[in-house]
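Colleague: Here it is, the structure, as structure tokens.
The values are calculated or read from the model by the stated rules, or taken from the named source; none is laboratory data. It should be emphasised that the depicted structure is a prediction, and the values quoted were computed from it without experimental measurement. Quick reminder, even Gly has a Cβ in these numbers, built from the backbone with ideal geometry, and neighbours come from all protein chains shown.
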Amino acid sequence: MGLTITEKILREHTQDKKGVAGEFILADIDKCLANDITAPIAIKIFEEIIKGTEKTLFNSESIILTPDHFTPNKDVESAEQCKILKTFAHKYNISNYFETGRVGIEHCLIPEKGLVAPGDLFIGADSHTCTYGALGAFATGVGSTDLGVAIATGKCWFKIPETIKFIYSGKLNKWVSGKDLILYTIGQIGVDGATYKAMEFTGEIIQNLSMANRFTMCNMAIEAGAKNGIIVPDKTTESYLHKSGIKNYKMYESDFDAEYEDIIEFDCNSIEPQVAYPHLPENTKPISEVYNEKIHIDQIIIGSCTNGRLEDLRIAASILKNHNINSNLRCIIIPCTQDIYLKALRKGYIEVFLKSGAIVSTPTCGPCLGGHMGILAAKEKALSTTNRNFLGRMGHIESEIYLSNPAIAAASAISGYITSPAYI
Amino acid sequence: MNGVIIKYSQNNINTDLIIPARYLNKSDPEHLAKHCLEDLDSKFHKKKKAINANILVAGSNFGSGSSREQAPLSLKAAGIKCIIAPSFARIFFRNSINIGLLIIEFEDIAKFSNGDNIEIKLKRSMIKNYSTGNKFKIKRIPSFLTEIISAGGLVNFARKKILEN
């Protein structure tokens, strides 16, 4: 019996190169990531572990620190947490520490900087670390204790996951993106439909999908409870790696006779842009139904590790050009990284956004988790290109979040209610 | 271990409900404990204190969402010693194991009510509900995990391994 790409990467990172789905392993880690919320606890754990020993970091080059959640520091407490990261980075000569001004939203920044490659075993103390599966890496979110132990020992424990294979066939309809495919998938299988499992995205649609869309799909694997999302690397991956200057990597693929826990096929001809209703990403409806409800919105967010890449901003700009943001709402646009921000500026997208009446923020996770830069009042409704619409996540506990792709968000910013560019 | 149950039956109690992100600008356990489950039930602490509860029983997919370890830490700091639910989100599951917070997967949570006095016998994979007189079998926890739990969490486990080498 053959192996899945997930099984292959994980067993390659063990000492005896053995193990199949269902088995526990102690694996060697290539890269570890933590942010301003998760690193302070991880650093404390690390210090506790090495106390009284001669040990230090297992490898300072493998550690990445991205203060991106409550930055630029929103209050004194956040500033204190960020200071812990900075002090630690200086003490241990961690070159991959990104200060405000160089930091971006971690899951966009890390692939952009070439810090993750196909075949890597990457853990991050952030649930959306699963994003990098789009490059054919095994990447998964862990907690601060896992991270503290990993930076001390270079190791992390795992149960090798069973894989659910998703096959996307047919043709993509206009305005349908990777975001819609993943929302549709979560709508079908539920928010715990892939708990503890690997989600492997395959099929002709995936083969023709851009890297930005692949990142979006793998990013939201966690919203179905998955351990990782993964796409077998191909020419699109290689061309992306070439641009980011990544040269050393190992491309794995699943064997033809690999064992899957389930195989689920979707015909994309019938998939429309999707909107997830409050308060779970599984509450999806196609835009043609949503449009009839005329749901009025108070705030639009276009950004986040899910949908703040250049391609997302290009789509938003193409819709907002020569239009005004509806006077009843505020539209906040957040490029994911400084590089994306600069490229958007050069391409004229930023000017389009400012002229339309949107605001453009420096890269931050900010509003996605109700941190800052766009908090909702009681009874307010947001339409957001982010990944979670949990109760109270973006602000007041009586506020509501709808999720969509950037095209739906931009069109709705003009009309004031949830709509599609197709209806404008 | 013995304990008293406080129960929230709904499914998908996520990490934003366990500890909202607005409180993550500080990570000391007392601060986290104070705001634990605040957005799910603002009277959580009051109710818990009234029945002296230390075991949380909840619906499926408990702890979904963010990887924030502050979620199990806040529950532990609030005096919760064990969580029983039909299923757990995976990062919450590993975080709990890592910090030495006992979590038990048990499908039929209807067998437990607020205020029930129970005993968990891990070695015998059994729960006894003294309030109803019933006994239940629970799934065996894999030995790889009991090794971490019995070391008192992953930090002690890792220290032991490091010192051994």
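Colleague: In the range A:261-277, how many are of a type outside the set (Asp, Glu) and either crowded, with 17+ Cβ neighbours inside 10 Å or on the phi > 0 side of the Ramachandran plot (or both)?
Modeller: The qualifying residues number 8.
Colleague: Right, something else. Suppose we keep only residues that are in a strand (DSSP E or B) and buried (at least 24 other Cβ atoms within 10 Å of the Cβ) within the range A:398-419. Which one would you say is nearest to the chain's Cα centre (by Cα)?
Modeller: Step one: of the range A:398-419, the residues in a strand (DSSP E or B) are A:400-403, A:417.
Checking which are buried (at least 24 other Cβ atoms within 10 Å of the Cβ) leaves us with A:401, A:403.
Values: A:Ile401: 18, A:Leu403: 14 Å.
Applying the filter and picking the extreme gives A:Leu403.
Colleague: From the list B:Ile91, B:Ile80, which one is within 14 Å of chain A (Cβ to nearest Cβ), buried (at least 16 other Cβ atoms within 10 Å of the Cβ) and either outside any helix (DSSP H, G or I) or of a type in the set (A, V, I, L, M) (or both)? Break it down into steps so the answer makes sense when it comes.
Modeller: On the way: B:Ile80 fails: within 14 Å of chain A (Cβ to nearest Cβ).
Of the residues listed, the single one that is within 14 Å of chain A (Cβ to nearest Cβ), buried (at least 16 other Cβ atoms within 10 Å of the Cβ) and either outside any helix (DSSP H, G or I) or of a type in the set (A, V, I, L, M) (or both) is B:Ile91.
Colleague: Mind telling me which of the residues A:Gly371, A:Gly392 ends up being on the phi > 0 side of the Ramachandran plot, modelled with pLDDT of 95 or more and of a type outside the set (Lys, Arg)?
Modeller: Values: A:Gly371 fails: on the phi > 0 side of the Ramachandran plot.
Among A:Gly371, A:Gly392, only A:Gly392 is on the phi > 0 side of the Ramachandran plot, modelled with pLDDT of 95 or more and of a type outside the set (Lys, Arg).
Colleague: Restricting attention to the range B:144-151, does a residue exist that is at pLDDT below 95, closer than 24 Å to A:Lys155 by Cβ and away from chain A (no Cβ under 13 Å)? Even if it seems obvious, please write down each step before you answer.
Modeller: Here is the first cut: in the range B:144-151, the residues at pLDDT below 95 are B:144-151.
Add one more test, that the residue is closer than 24 Å to A:Lys155 by Cβ, and what stays is B:144-151.
Within this subset, residues satisfying the condition of being away from chain A (no Cβ under 13 Å) are B:150.
Yes - at least one qualifying residue is present in the range B:144-151.
Colleague: Inspect the range A:65-74 for any residue being closer than 16 Å to A:Gly148 by Cα and either assigned to a helix (DSSP H, G or I) or at the interface with another protein chain (Cβ under 9 Å from one of its Cβ atoms) (or both) and give the result as yes or no. Outline the logic, then answer.
Modeller: Initially, the range A:65-74 is screened for residues closer than 16 Å to A:Gly148 by Cα, giving A:65-66.
Checking the rest, the ones that are also either assigned to a helix (DSSP H, G or I) or at the interface with another protein chain (Cβ under 9 Å from one of its Cβ atoms) (or both) come to none.
No, there is no match, as no residue in the range A:65-74 is closer than 16 Å to A:Gly148 by Cα and either assigned to a helix (DSSP H, G or I) or at the interface with another protein chain (Cβ under 9 Å from one of its Cβ atoms) (or both).
Colleague: Return a yes/no flag: does the range B:59-68 have any residue that is modelled with pLDDT of 95 or more and away from chain A (no Cβ under 14 Å).
Modeller: no
Colleague: While we're on this one: Which of the residues belonging to the range B:1-24 are closer than 30 Å to B:Lys128 by Cβ, of a type in the set (A, V, I, L, M) and touching a helix residue (DSSP H, G or I) at 6+ places or on another chain (Cβ under 7 Å)?
Modeller: B:Val4, B:Ile6, B:Ile18
Colleague: Please work out which residue is farthest from the chain's Cα centre (by Cα), limiting yourself to the range A:276-334 and to residues that are among the acidic types (Asp, Glu) and not in a helix (DSSP H, G or I).
Modeller: We begin by selecting, within the range A:276-334, every residue among the acidic types (Asp, Glu); these are A:282, A:289, A:293, A:298, A:311-312.
Still in the running and not in a helix (DSSP H, G or I): A:282, A:293, A:298.
Details: A:Glu282: 17, A:Glu293: 29, A:Asp298: 24 Å.
The selected residue is A:Glu293.
Colleague: Which one is farthest from the chain's Cα centre (by Cα) among residues in the range A:125-157 that are under 17 Å from A:Gly225 (Cβ atoms), facing chain B (nearest Cβ under 9 Å) and touching a residue at least 40 places away in the same chain (Cβ under 8 Å)?
Modeller: Filtering first and then ranking leaves A:Gly143.
Colleague: Which condition number does B:Ile99 fail, the rest of (1) of a type in the set (Val, Ile, Thr); (2) surrounded by fewer than 24 Cβ atoms within 10 Å (Cβ to Cβ); (3) more than 9 Å from chain A (Cβ to nearest Cβ) being met?
Modeller: Unmet condition: (3).
Colleague: List the residue pairs whose Cβ atoms are under 9 Å apart, where the first residue sits in the range A:1-23 and is over 20 Å from A:Asp262 (Cβ atoms), the second is surrounded by fewer than 18 Cβ atoms within 10 Å (Cβ to Cβ) and among the acidic types (Asp, Glu), and the two are 6 or more positions apart or on different chains.
Modeller: As it stands, the answer is A:His13/A:Asp28; A:Thr14/A:Asp28; A:Gln15/A:Asp28, since those pairs meet every condition given.
Table: residues versus (1) assigned to a loop (DSSP other than H, G, I, E, B); (2) at the interface with another protein chain (Cβ under 10 Å from one of its Cβ atoms); (3) in contact with a Phe, Trp or Tyr (Cβ under 9 Å, 6 or more places away or on another chain).
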residue	(1), (2), (3)
A:Pro161	yes, yes, yes
A:Trp175	yes, no, no
A:Asp180	no, no, no
A:Val191	yes, yes, no
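Colleague: Next question, about the same structure. Go through (1) assigned to a loop (DSSP other than H, G, I, E, B); (2) out of contact with any helix residue (DSSP H, G or I) (no Cβ under 6 Å at 6 or more places or on another chain); (3) within 11 Å of chain A (Cβ to nearest Cβ) for B:Ala53 and report which single condition fails.
Modeller: Exception for B:Ala53: condition (3).
Colleague: B:Val155 is checked against (1) more than 17 Å from B:Lys81 (Cα to Cα); (2) more than 14 Å from every other protein chain (Cβ to nearest Cβ); (3) buried (at least 19 other Cβ atoms within 10 Å of the Cβ) and fails just one. What number does that condition carry?
Modeller: (2)
Colleague: Now for a separate question. Take the conditions closer than 27 Å to B:Lys111 by Cα and of a type in the set (D, E, K, R) and apply them to B:Lys48. Does it pass? Reasoning before the result, please.
Modeller: Details: closer than 27 Å to B:Lys111 by Cα: yes; of a type in the set (D, E, K, R): yes.
Yes; evaluated as a whole, the condition is true for this residue.
Colleague: Could you go through the range B:118-138 and let me know if any residue there is assigned to a helix (DSSP H, G or I) and at pLDDT below 95.
Modeller: No, there is no match, as no residue in the range B:118-138 is assigned to a helix (DSSP H, G or I) and at pLDDT below 95.
Colleague: Looking at the range A:129-179, which of its residues are farther than 22 Å from A:Ile41 by Cβ, of a type in the set (Gly, Ala, Ser) and surrounded by 24 or more Cβ atoms within 10 Å (Cβ to Cβ)?
Modeller: Selection gives A:Gly133, A:Ala134, A:Gly136, A:Ala137, A:Ser177, A:Gly178.
Colleague: Filter the range A:250-273 down to the residues that are in contact with a Leu (Cβ under 8 Å, 6 or more places away or on another chain) and outside any loop (DSSP other than H, G, I, E, B) and list them by number.
Modeller: Hits for the range A:250-273 are A:Ala258, A:Phe266, A:Cys268.
Colleague: Residues to consider are A:Asn387, A:Asn405; find the one that is touching a Ser or Thr at 6+ places or on another chain (Cβ under 7 Å), within 14 Å of chain B (Cβ to nearest Cβ) and within 26 Å of A:Ala224 (Cα to Cα). Spell out the reasoning first.
Modeller: Numbers: A:Asn405 fails: within 14 Å of chain B (Cβ to nearest Cβ).
Answer to the selection: A:Asn387.
Colleague: Please find, within the range A:1-52, the residue that is surrounded by the fewest Cβ atoms within 10 Å (Cβ to Cβ) out of those that are of a type in the set (Asp, Glu) and in contact with a His (Cβ under 9 Å, 6 or more places away or on another chain). Lay out the reasoning, then the answer.
Modeller: Of all residues in the range A:1-52, those of a type in the set (Asp, Glu) come to A:7, A:12, A:16, A:23, A:28, A:30, A:36, A:47-48.
With the extra rule that they be in contact with a His (Cβ under 9 Å, 6 or more places away or on another chain), the set shrinks to A:28, A:30, A:36.
Working: A:Asp28: 16, A:Asp30: 21, A:Asp36: 27.
Only one residue tops the list, namely A:Asp28.
Colleague: Failed condition for B:Leu32, given (1) assigned to a loop (DSSP other than H, G, I, E, B); (2) buried (at least 22 other Cβ atoms within 10 Å of the Cβ), with all others met?
Modeller: Every listed condition holds for B:Leu32 apart from (1).
Colleague: When the range A:107-124 is examined, which residues are found to be basic (Lys, Arg) and either at the interface with chain B (Cβ under 8 Å from one of its Cβ atoms) or surrounded by 24 or more Cβ atoms within 10 Å (Cβ to Cβ) (or both)?
Modeller: Kept after step one, since they are basic (Lys, Arg), are these residues of the range A:107-124: A:113.
The answer is none; no residue qualifies.
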